[in-house]
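The values are calculated or read from the model by the stated rules, or taken from the named source; none is laboratory data. Everything numeric in this text was worked out from a predicted model, so none of it was measured. Note that we place each Cβ from the backbone using ideal geometry, even for glycine, and neighbour counts take in every protein chain shown.
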Amino acid sequence: MRAEETAALRGLRLFEGIAEPTFTDLVAAGYLQFFPPGVTLIRASDPADFLHVVIEGVVELYAATAGRETTMELVRPVGAFILAAVLSDQVYLQSARTLTRARILMIPAERVRRWMAQDAAFMSAITVELARGYRQAIKALKNQKLRTAAERLANWLIIVAAEQGTPGAVEIDIEKRVLASRLGMTPENLSRAFATLAGHGAQTRGTHIDITDPAALRAFANPDPLIDGPE
């Protein structure tokens with residue numbers, strides 16, 4: 001990996017405070033690979049052989065049953081998946097595929113478990129990461145159960161505008177069907193939600209959203225730090 005990529009990886013909360021020999025060995029044991037869009041990286045029910053770390057690109061975690069499919073999470077640089085299955089030496093509960101060209105570091109699960117037992121700082125970081133994942137899951141569940149589709153979309157726009165550093169606009173960098181699934185709605189419901197937000201300060205032009213009235217959008221979204229706040 002390039003030096004800047006190694007530094008970014010070191011800044012991942014999972015690796016931030018661990019001993020240098022631990023970090024060096026984990027990275028050295030890993031396989032760094034490029035993948036084109038649309039490649040399935042893992043499948044639900046497969047053994048968790050690797051901890052995957054997204055260095056470049058976007059990866060979709062998804063689940064399917066009885067002919068239905070839903071997006072669970074989008075992983076962007078620098079982000080890791082799926083830690084719980086790796087630590088418990090269980091099968092994956094989700095599948096993962098690349099949405100864009102991606103660069104993935106795959107660290108053998110056995111190596112992760114070995115250093116977890118040997119490096120107290122790594123064990124502590126893993127505990128915090130698992131707790132963060134649990135809290136994110138609760139927030140996602142609250143978002144799904146307590147809000148309408150339009151309210152979920154409005155809050156998503158506010159968060160992404162802040163992440164993109166453009167409070168007056170949002171550029172959607174994934175397919176709208178994936179966005180709809182991630183927000184727990186059908187593509188048709190997503191279109192209706194965008195139409196609703198047109199009356200609350202958000203105008204849609206393809207994948208570009210102009211936030212013409214941030215105050216009106218925020219009033220409609222009614223952000224809640226116990227749902228939308230960072231971990």
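Annotations for the structure displayed:
- When Gly79, Gly57 are checked against the criterion of being at pLDDT 95 or above, closer than 21 Å to Val178 by Cβ, small (Gly, Ala, Ser) and within 13 Å of the chain's Cα centre (by Cα), Gly57 stands alone in meeting it.
- Filter result for the condition that a residue is in contact with an Asp or Glu (Cβ under 8 Å, 6 or more places away or on another chain) and not β-branched (Val, Ile, Thr), over Ala8, Ala63, Ala44, Ala3: Ala63
- Test: residue in segment 7-15 that is at pLDDT below 95 and charged (D, E, K, R): yes
- Residues in segment 199-227 that are assigned to a helix (DSSP H, G or I), in contact (Cβ under 8 Å) with a residue 40 or more places away in the chain and exposed (fewer than 13 other Cβ atoms within 10 Å of the Cβ): Leu226 only.
- Test: residue in segment 118-125 that is at pLDDT 95 or above, charged (D, E, K, R) and surrounded by fewer than 18 Cβ atoms within 10 Å (Cβ to Cβ): no
- Residue check for Thr40: under 21 Å from Gln94 (Cα atoms), among the hydroxyl-bearing types (Ser, Thr, Tyr), in contact with a Lys or Arg (Cβ under 8 Å, 6 or more places away or on another chain) and not assigned by TED's automatic domain parsing to the domain that holds Lys176: yes
- Note on segment 90-112: residues that are without any contact (Cβ under 8 Å) to a residue 40 or more places away in the chain and buried (at least 16 other Cβ atoms within 10 Å of the Cβ) amount to 0.
- Flag if Ala96 is modelled with pLDDT of 95 or more and more than 24 Å from Glu5 (Cβ to Cβ): no
- Of the criteria (1) among the basic types (Lys, Arg); (2) out of contact with any helix residue (DSSP H, G or I) (no Cβ under 9 Å at 6 or more places or on another chain); (3) more than 30 Å from Pro36 (Cβ to Cβ), which one Arg97 fails: (3)
- Pick from segment 22-39, criterion surrounded by fewer than 15 Cβ atoms within 10 Å (Cβ to Cβ) and among the hydrophobic types (A, V, I, L, M, F, W, C), ranking: nearest to Asp173 (Cα to Cα): Phe34
- In segment 1-36, the residues that are touching a residue at least 60 places away in the same chain (Cβ under 8 Å) and among the aromatic types (Phe, Trp, Tyr): Phe15, Tyr31, Phe34, Phe35
- Segment 58-91 - residue that is in contact with a helix residue (DSSP H, G or I) (Cβ under 6 Å, 6 or more places away or on another chain) and among the polar types (S, T, N, Q) and, of those, nearest to Glu129 (Cα to Cα): Thr71
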